[in-house]
Amino acid sequence: MERLKNIDDLKRLRDALNIEITRPVLEVCGGSACRAGGSKKVVLAVKNEADIRGIDLEVKVTGCRGLCSKGPNVKVRPHGYFYTRVKPDMVASLLGYTIGANTPFRPLLYRDDILSEPIEKVEDIPLYKKQFRLVLRHNGRIDPKSITDYIKIGGYSALQKALSSMTPDDVLNEIDKANLRGRGGAGFPAGKKWKHTKSAKSDIKLIVANGDEGDPGAFMDRSIMEGNPHSLLEGMLLNAYAIGAQYGFIYVRHEYPLAVENLNAAISEARELGLLGKNILGIDFSFDISIREGAGAFVCGESTALIASIEGARGFPRPRPPRLSEVGGGVWGYPTNLNNIETFANVPIIIEKGADYFLSIGTESSPGTKVFALAGKVKNSCLVEVPMGITLREIVYDIGGGILGNKKFKAIQTGGPSGGCLPEGMLDTPVDFDTLTKAGSMMGSGGMIVLDEDNCMVDVAKYFLSFCQSESCGKCPPCRIGTYQMLQILERITTGKGEHGDIGRLEEIGKKVVEGSLCGLGNSAPNPVLSTIKYFRQEYEEHIYDKYCRSKTCAGLGLYVIDDEACFLCGLCKEACSFDAIKEGKDKFFIDQDYCTKCKACYTACPIEAVKIEKKTSVKVSKSH
């Protein structure tokens, strides 16, 4: 492509690209989830079948649409038909019906379940009705490796507006007025952070986009980087123009190869077109971006540890001040502005549509939208974007479709491993930065994991604390030693060795870890334990005093018995027992408690749930047993 020499060249290019397309376009989701389901093979099958049939169509590989549990997804334009779980061997029928007969191919249309009526158009699917897709509005519409696709739908128009009619201070004030709060979890106003960096007395200023998304079950930033990388680049360009920065880094986890691939392609295209580099669009504004890949350390999501990693050092957090935005605090000592990926992706929207538009969405203290990765025991594992202020219940049931197997909802973990678990009684809690914090959880970067009646909350707390403990850099004693001590106590409790006073010890140590840790990892690592003690204390007490796990998750707890009326004497429990605890009596099997190690082998092996795990106090063992 020919380099754009000025702002008018960008306008002319956009006008030239906006020509009406008459041939059919198949938009095939190319996000990581759909790729894992075989979307690349679907693309090849579509191209081969189109060649065989002589059909003139365009195949566009797009970013994630959000409906991850039903991929690979395909949308056909201009028909508007939306297909789910498309396989290569279905492509011939899909094209035959859709393109040949101009009618939808019903077997691939979206259904809530096998008994429900199929839905033809994506906008009619319940999962999307309560969403407000702002940051993700172009995911699923454009090829992330095509800068012309992005420009055609209005991309870089915010940059065009800023460079042609706004001063750097105008851009800065608009972001500050919009009260854009950092989407990485802390919720600090981006405008105030930008102003602080701009005021630093240094000729060189840097920008860092934090794509080190390490929360289990989280894929919000990944989907933006994979599906619409130019929105991130445009946000960074506007930030650079506003504060006078010359260089930028995108810090991405090495485990995100598709994101790195698409970002590299986007940066190359932007440089070629003159939207990155020297004298952008012919004015005295120069800015360039490079990628730095992290090795997967969760602690490098913390700003100072991330800076150390970019510099080539081990990712250790350091005390502040100096702040990143000050001389001596940022990358190689230069003042550095750091925001996460989703925060930058919001910036072009604010500059293009104005701060008042952004403030009209969400709540007064948390304007705009938030992208969440909804996972766990929910029917629709999906990527969603909702206005701030929506309730947890609406996300879980109206968007997520409810609990898998129609089981009972138990809790929702928000904010990733550093967040908290909220019970059913708090499902009507509005989702915004301040309300979730008051409830004992946090927004975090946007991970949400739904738990049902089969989840043991003590075991869940142990899982998340184990993650944080293993990811601790070990630099400060409160985090290094405190999380280890808490984990040891939880190990005892979940194996039937809990003691009186363990709950109090967990609370005491947890509070000291929060107060004494150097960085955000340690400050928030006890949250899963403290929140589950707050809302599910009875489960801790059952584990310690009754030696019982109501979810039947923890081995070593409870009394194992065989229900004589249910048992049909198949003998599988006896075969599974390695300790000869299953004895055969007259027309029955029973468990010899002197030999039983509570390993759960018999419980797992029984096909009809005749092996029961009960509280010791609630079971009367017959003399024959």
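The values are calculated or read from the model by the stated rules, or taken from the named source; none is laboratory data. None of these values were measured; they are calculated from a predicted model. Cβ coordinates were reconstructed from backbone atoms using ideal geometry, including for glycine residues, and neighbour counts include every protein chain displayed.
Give all pairs with beta carbons closer than 7 Å in which a residue from the range 164-176 that is part of a helix (DSSP H, G or I) meets a residue that is basic (Lys, Arg) and surrounded by fewer than 21 Cβ atoms within 10 Å (Cβ to Cβ); count only pairs at least 6 apart in sequence or on separate chains.
Close Cβ pairs satisfying both conditions: LEU172/LYS195; LEU172/LYS198; ASP176/LYS192; ASP176/LYS195.
Restricting to the range 575-602, what's the tally of residues that are basic (Lys, Arg) and either crowded, with 18+ Cβ neighbours inside 10 Å or touching a Leu at 6+ places or on another chain (Cβ under 8 Å) (or both)?
3
Considering only the range 80-98, I want to know if a residue exists there that is surrounded by 14 or more Cβ atoms within 10 Å (Cβ to Cβ), charged (D, E, K, R) and not in a loop (DSSP other than H, G, I, E, B).
no
Hey, can you tell me all the residues within the range 155-185 that are under 28 Å from GLU213 (Cα atoms), out of contact with any Ser or Thr (no Cβ under 9 Å at 6 or more places or on another chain) and not charged (D, E, K, R)?
Across the range 155-185, the qualifying residues are TYR156, ALA158, LEU159, VAL171, LEU172, ILE175, ALA178.
Return the total of residues in the range 188-240 being of a type in the set (Lys, Arg) and closer than 30 Å to GLU27 by Cβ.
Final tally of qualifying residues: 1.
(1) among the charged types (D, E, K, R); (2) more than 30 Å from ALA162 (Cβ to Cβ); (3) touching a strand residue (DSSP E or B) at 6+ places or on another chain (Cβ under 6 Å): which one isn't true of GLU385, the others all being true?
Status for GLU385: all satisfied but (2).
Check whether at least one residue in the range 306-326 is of a type outside the set (Lys, Arg), assigned to a loop (DSSP other than H, G, I, E, B), crowded, with 24+ Cβ neighbours inside 10 Å and in contact with a Pro (Cβ under 6 Å, 6 or more places away or on another chain), and report yes or no.
No, every residue in the range 306-326 fails to be of a type outside the set (Lys, Arg), assigned to a loop (DSSP other than H, G, I, E, B), crowded, with 24+ Cβ neighbours inside 10 Å and in contact with a Pro (Cβ under 6 Å, 6 or more places away or on another chain).
Going by the structure shown, is GLY140 in the same structural domain as GLU261 (by TED's automatic domain parsing), part of a loop (DSSP other than H, G, I, E, B), under 30 Å from PHE219 (Cβ atoms) and of a type outside the set (Lys, Arg)?
So GLY140 fails the test.
Could you tell me which residue of the range 224-262 is surrounded by the most Cβ atoms within 10 Å (Cβ to Cβ), considering only residues that are among the acidic types (Asp, Glu) and assigned to a helix (DSSP H, G or I)?
Result: GLU234.
Got a sec? Which of LEU487, LEU518 is outside the structural domain of ALA297 (by TED's automatic domain parsing), under 29 Å from the mean Cα position of the chain (by Cα), modelled with pLDDT of 95 or more and surrounded by fewer than 23 Cβ atoms within 10 Å (Cβ to Cβ)?
After ruling out the rest, the residue left standing is LEU487.
What's the total number of residues in the range 460-491 that are over 16 Å from GLU302 (Cβ atoms) and either of a type in the set (S, T, N, Q) or in a strand (DSSP E or B) (or both)?
Looking only at that region, the number is 3.
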